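Asker: Mind having a look at this structure? Questions to follow.
The values are calculated or read from the model by the stated rules, or taken from the named source; none is laboratory data. Quantities reported herein were computed from a predicted structural model and do not represent experimental measurements. As a convention, Cβ positions derive from the backbone with ideal geometry for all residues, glycine included, and neighbour counts pool all protein chains shown. These accessible areas exclude ligands, DNA and RNA; they are computed on the full protein's heavy atoms, side chains included. Shrake-Rupley method; radii C 1.70, N 1.55, O 1.52, S 1.80 Å.
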Amino acid sequence: MSNTDREDEQMREEKTTFGFWVYLMTDCMLFAGLFATYAVLRNNTYGGPSGFELFNQKFVLTETLILLTSSFICGLVVISARKKDMDRLVRYLAITGLLGVIFLGMEIYEFRSLINEGNSWATSAFLSSFFVLVGTHGLHVFVGIVWMLLLQWQLLFKGFKPIVLTRVKLFGMFWHFLDVVWIFIFTFVYLLGGLKL
Amino acid sequence: MLGLLTNFAHLSGKTDPVILGAQIALIGGIIAVALVITILGRWRWLWYEWLTSLNPKRIGVMYLIVAFLMLLRGAVDAFMLRLQQTIGSGGGEGFLDANHFQQVFTAHGTLMIFFVAMGLMFGIINLILPLQIGSRDVAFPFLNSLSFWLYLVGVGIINTHLIVGGEFAATGWLAYPPLSGIEYSPGPGVDYWIWSVQIAGIGSLLSGVNFFTTILKLRRKGMTLMRMPIFAWSVLGSMTLVLFTFPILTVALALLALDRTFAMHFFTSSFGGNPMMYINLIWAWGHPEVYILILPAFGIFSEIVATFSKKRLFGYTSMVWAIIAITFLSYIVWLHHFFTMGAGANVNAFFGIATMVIAIPTGVKVFNWLFTMYKGRVRMSQSMIWFIGFLFTFTLGGMTGVILSIPPADFQLHNSLFLVAHFHNMVIGGVVFGYMAGLTYWFPKMFGFKLHEGLGKAAAWSWIIGFLVAFIPIYMLGLMGGTRRFEKFDPSLGYHPLFVVAGIGVVIIGIGVVLQVTQLIYSILNNKKLADKTGDPWDGRTLEWSVSSPAPEYNFARLDEVNYRDEYWERKKTPAADLVKYKDIEIPKGSPIGMFIGIFAYLFAMAVIWHIAWIAALSIVIISAFVVARLNDDDIVKTIKASQIEKIESSYGGM
């Protein structure tokens, strides 16, 4: 036994992972608040266009498939990390991030075309809540991409340090969480919004 | 100097003596403190020992200091409000016009809840919780420091308008739209309010994650959940509520800010916006918030009653279940804050009944405390005086709460002074008395010496009597039809005499505050005489009393297993005689990054309030850079040598 009372590695990882789950739960509450607001305001178009007129479902389905693929590859990231396979880990991480960038680009494109057609967030309560709900998810994806870049950098310079591996695992949790939130956005915003009521 | 002052008066738009006084007090105070530190040559000490510390005991003390300063500002606001209403109900003009009166009560409410009550709560939790659960630290020490700095940023933002001039929100402490929207409040006042509360709220949320994880993951070996001290249980309930409700506050404030800054239409009265959505969101946070504050106070009283009755706490298990029940129920009652806003009879009935049901677990707790005292060897120390005061006033407030929870009664009483009296009854009689009792009880553990008994008892009695004299008349005025938030009442209404009585009550509370300050100064000056050398001044029962006062930086030299609920009480019965060899202990190093992030969070808020986009964007980039720097830093622990620990441990008579 060593001569120092030190927090052992397993305990550190356990509490970090647990703490991150707790954080994800609070983020869930945040999205719950935004979803509730969207649900209340989605019919308040104030004479402006409704979701039925605005949403292009094929476009959004492509977005969805891209994000789902990135989530699958993110699973491979975590597996490679567990196998300590640096080559694959870095490669998969890069693909995950790249798909994230494409997803985000498509979302920005969608937002831009809406605004250019004169349907900005200032048009109606419906559009305000749409932009903020979907945009908050997009902001999370953006944070995820930055996080992914930092992970690449840390993997390159620090290698398989336990703390870096823990962060890979947390990144995986975060990315899957965003995926789950997107499934809800896809269902409640785009699919339900596409129904002509 | 004189030119500078005129300049500030000019910036504030008018030479209002009240505003000018506040400016001089604030700026003078900051300059005076900086001068004293410079003269004493204590900047280095302040920087290394306090500002950059990740030690929860240091962070806790900083919370307490800031919270007390804000308590003084909030109290000055309260005096101004009382004085104005006393004059204004007798036919006089008073010294505050309607707009200024509204700003003062908005600031008073915001300060007292967010920066006084929350600050005291997190201060006490930081100082005591890790010790009680036998841990050396919190789960995430850096996050803890960041939470503190974000809280301080909130304090900074809410006080900024006093320095730079301009207005504060005149909307009430929860800033209901559409009044708080850009159309009806075009100035920066509401923005100050939003960003002050938003940033402090994010700090509280991070604290919630931190302490929730600490309690569930860092308990000493052998301390099962059902062996955990009740204070720790109450903090667990409170932090659970933080996790579930503060994100909703974040959303509500963010959407209001988007309405104001980017012309969105969430809560506007046109373009399909729905102000009721804000009111639902803000109260879905706001009601649990009062339970976030009161649950730790319940926990504090449970510790105090058991210790000063020299008895095991009566009904531990029912106490735990009462906490769990209150945690759950407090989440499903928010609608009782707006019964009159047209949700319909059935909805109102559900929320009314849910509200009444909370009285049951609360009643369980009250009876448990009484049964703990029954046949105990009760010592009427100053903490117990606070407890007795709490028991009477809180029960009174609980009963008026049940009255208000009956929807038909609420239709008569809503928006009246009866409501004002009710929630002050809960917050002063419950939260303030609870935290005062806790601070008195744990003061020796925090600072190494006790507070003077006589002065403390006199202060407690002044608070209790002053509270009753100040707020019973407000209840009566509410029943007479007095509406809240008015700076003047027509003298023909006959409110003046009761307002005068209430004013006298506030003076008595003021005497209590003066006595407390005297007590603090007296005790600091006589700290040798009042010193606590044993670490266990009250014959305590839980683990925090098993270490020296104040606790060493590493909290516990040894991590012995826990076998009982009142672990330290049992250990005292059979003192262990074995000599142990101490080991080196690793603890986190200090870090200034929390403070740096705080500084740029402040800059960000100011940039948003004043619509300077590039500074806001730059602040975000810099904050991210600091986060990355912290994540990339591997050199984050320092070691305390075993020899040093032996020296510390043998310097007090502990076991």
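Asker: Could you give the nm distance between label points at B:Leu370 and A:Val146, where each point is 7 Å from its Cα heading toward the beta carbon?
Answerer: Label at B:Leu370, label at A:Val146, 5.7 nm between them.
Asker: On alpha carbon coordinates alone, what is the Rg over Rh value for the range B:421-499, Rh being the Kirkwood radius?
Answerer: 1.16
Asker: Okay, moving on. Using unit Cβ charges (K, R positive; D, E negative) and no other charged atoms, how large, in debye to the nearest 20, is the dipole of the range A:57-191 about its Cα centre?
Answerer: 760 debye
Asker: Mind giving me the FRET efficiency for A:Asn56 and B:Asp97? R0 is 45 Å, r the Cβ-Cβ distance, nearest 0.05 is fine.
Answerer: Rounded to the nearest 0.05, the efficiency is 0.25.
Asker: Right, next: So who's got an amide H within less than 5 Å of the one on B:Lys589, skipping anything under 5 residues away but keeping other chains? H placed 1.01 Å off N, in plane.
Answerer: B:Val637, B:Lys638
Asker: Counting protein heavy atoms only and a 1.4 angstrom probe, how many square angstrom of accessible surface do chains A and B bury in total, to the nearest 100?
Answerer: The contact between B and A buries close to 3500 Å².
Asker: State, as an integer percentage, the relative contact order of the range B:516-586 based on alpha-carbon contacts under 8 Å between residues 6 or more apart.
Answerer: Computed over the range B:516-586, the figure is 26 percent.
Asker: Report the extension gain between B:Asp634 and B:Phe350 in nm, rounded to one decimal, defined as 0.36 nm multiplied by the number of residues separating them, less their alpha carbon distance.
Answerer: In short, 96.9 nm is gained.
Asker: While we're here: Provide the per residue accessible area, probe 1.4 Å, for the range B:455-587, rounded to a whole number of square angstrom.
Answerer: 49 Å²
Asker: Of B:Lys450/B:Lys641; A:Lys158/B:Lys581; B:Lys217/B:Lys445, which sit over 28 Å apart, Cα to Cα?
Answerer: Table pairs above 28 Å Cα-Cα are B:Lys450/B:Lys641; A:Lys158/B:Lys581.
Asker: Per DSSP helix of 4 or more residues, -39500 (n - 2.57); summed, then divided by the residues of the protein assembly as shown. What does that give at 222 nm, rounded to the nearest 500?
Answerer: Counting only the DSSP helices, I get -23500 deg cm²/dmol.
Asker: Okay, moving on. For A:Leu139 paired with B:Thr340, estimate the spin-label separation in nm (one decimal), with each label point 7 Å from Cα along the Cα-to-Cβ line.
Answerer: With each label point 7 Å from Cα toward Cβ, the separation is 3.5 nm.
Asker: From Cα pairs below 8 angstrom and at least 6 apart in sequence, can you work out the relative contact order of the range A:57-191, rounded to a whole percent?
Answerer: Contact order relative to length: 33 percent.
Asker: If you don't mind, another one. Considering protein heavy atoms only and a 1.4 Å probe radius, which residues within the range B:209-245 exhibit an accessible-area decrease of no less than 20 Å² in the full assembly relative to the chain by itself?
Answerer: The answer is B:Val209, B:Phe212, B:Thr213, B:Lys217, B:Leu218, B:Leu243, B:Phe244 - residues whose exposure falls by at least 20 Å² when every protein chain is included.
Asker: Which residues, if any, in the range A:94-138 lose at least 20 square angstrom of accessible heavy-atom surface (probe 1.4 Å) when the other protein chains sit next to their chain rather than the chain being alone?
Answerer: Listed in order, they are A:Trp121, A:Ala122, A:Ala125, A:Ser128, A:Val132.
Asker: Expressed as an acute angle from 0 to 90° and rounded to the nearest 10, what is the orientation of the C-alpha long axis of helix B:345-357 relative to the principal long axis of chain B?
Answerer: The angle comes out near 30 degrees.
Asker: Just how much of B:Ile508 is accessible, in Å², when a 1.4 Å probe is used and the result is rounded to the nearest 10?
Answerer: 40 Å²
Asker: So for each of B:495-503, B:137-145 I average, over its residues, the number of other beta carbons within 10 Å; can you give me the resulting order with the highest mean first?
Answerer: Peptide ranking by packing, descending: B:137-145, B:495-503.
Asker: Also, quick follow-up: Suppose we look only past 16 Å in the calculated P(r) of the range B:462-576. What percent of the Cα-Cα pairs does that tail hold?
Answerer: Distances greater than 16 Å cover 74 percent of the Cα pairs.
Asker: Now for a separate question. Using a 1.4 Å probe on the protein heavy atoms only, what accessible surface does A:Asp85 show? Give it in Å² to the nearest 10.
Answerer: 50 Å²
Asker: Right, next: Would you list, by chain and number, the aspartates and glutamates whose Cα falls below 15 Å from the Cα of A:Lys15, excluding same-chain residues fewer than 8 positions away?
Answerer: A:Glu7, B:Asp137
Asker: Turning to a different aspect of this structure: Which of the chymotrypsin sites (Phe, Trp or Tyr not before Pro) found in the range B:360-408 are in a DSSP loop and have at most 15 neighbouring Cβ atoms, other than their own, within 10 Å?
Answerer: B:Tyr374
Asker: Taking each pair of distinct Cα atoms in the protein assembly as shown once, what is the resulting Kirkwood hydrodynamic radius in Å?
Answerer: Kirkwood radius, the protein assembly as shown: 28.8 Å.
Asker: Any idea of the accessible area per residue across chain A, 1.4 Å probe, to the nearest Å²?
Answerer: 48 Å²
Asker: Rounded to two decimals, what is Rg over Rh for the range B:7-132 when you use alpha-carbon atoms and the Kirkwood radius?
Answerer: 1.08
Asker: Cβ neighbours within 10 Å, averaged per peptide: list B:229-236, A:129-136 in order, most packed at the top.
Answerer: Most protected by this proxy first, the peptides run B:229-236, A:129-136.
Asker: Could you sort out which of B:Lys533/B:Lys573; B:Lys310/B:Lys573; B:Lys311/B:Lys365 sit more than 18 Å apart by Cα distance in this structure?
Answerer: Pairs exceeding 18 Å: B:Lys533/B:Lys573.
Asker: What FRET efficiency do you get for B:Ser269 and B:Thr395 if R0 is 56 Å and r is their Cβ-Cβ distance, rounded to the nearest 0.05?
Answerer: 0.85
Asker: Along the charge dipole of the range A:57-191, Cβ charges K/R +1 and D/E -1, which of A:Thr62, A:Leu165, A:His137 sits furthest on the positive end?
Answerer: A:Leu165
Asker: What angle, in degrees between 0 and 90 and rounded to the nearest 10, separates the Cα long axis of helix B:141-164 from the longest principal axis of the Cα atoms of chain B?
Answerer: The two axes meet at around 30 degrees.
Asker: As a test, work out the antiparallel percent of DSSP beta bridges whose residues both lie in the protein assembly as shown, rounded to the nearest 5.
Answerer: 75 percent
Asker: Can you list the lysines whose alpha carbon sits under 16 Å from that of A:Lys83, skipping same-chain ones fewer than 8 residues off?
Answerer: Filter leaves A:Lys161, A:Lys169.
Asker: By what distance, in whole Å, do the Cα atoms of chain B stretch along each of the three principal axes, largest value first?
Answerer: Principal-axis extents of chain B (Cα, largest first): 75, 58, 47 Å.
Asker: Compute the distance in nm between two label points, each set 7 Å from the Cα along the Cα-to-Cβ direction, one at B:Ile163 and one at B:Thr224.
Answerer: Going from the B:Ile163 label point to the B:Thr224 one covers 5.4 nm.
Asker: Can you pull a Stokes-Einstein diffusion coefficient for the range B:543-655 at 37 °C (0.692 mPa s), Rh from Kirkwood over Cα pairs, as a whole number of µm²/s?
Answerer: D = 181 µm²/s.
Asker: Sum up the charges of everything whose Cβ sits under 12 Å from the Cβ of B:Leu81, counting Lys and Arg as +1 and Asp and Glu as -1, but leave B:Leu81 out.
Answerer: +1
Asker: What relative contact order, as a whole-number percentage, does chain B give when Cα pairs under 8 Å and 6 or more residues apart are counted?
Answerer: 17 percent
Asker: Report, in debye and to the nearest 20, how large the dipole of the protein assembly as shown comes out about its Cα centre when Lys and Arg carry +1 and Asp and Glu carry -1 on their Cβ.
Answerer: 2240 debye
Asker: Ok, one more. In whole angstrom, and with the biggest value first, how far do the Cα coordinates of the range A:57-191 range along each principal axis?
Answerer: 50, 23, 18
Asker: What lysines could a cross-link reach from B:Lys638, if we take a straight Cα to Cα line under 16 Å and drop same-chain neighbours fewer than 8 places away?
Answerer: Those lysines meeting the cut-off are B:Lys583, B:Lys589.
Asker: What part of the accessible area of chain B, given as a whole %, is carbon or sulfur when the probe is 1.4 angstrom?
Answerer: For chain B, the apolar C and S fraction of the accessible surface comes to 71 percent.
Asker: Computed FRET efficiency, Cβ-Cβ of B:Lys589 and B:Trp321, R0 45 Å: what is it to the nearest 0.05?
Answerer: With R0 = 45 Å, the Cβ-Cβ based efficiency is 0.60.
Asker: What residues of the range A:125-151 lie in the reach of a label at A:Tyr46, counting those whose backbone N is under 16 Å from a point 7 Å from the Cα along Cα→Cβ?
Answerer: Correct set: A:125-132.
Asker: Still on this model: With a 1.4 Å probe and all protein chains kept in place, how much accessible area does B:Tyr48 have, in Å² rounded to the nearest 10?
Answerer: Result for B:Tyr48: roughly 130 Å² accessible.
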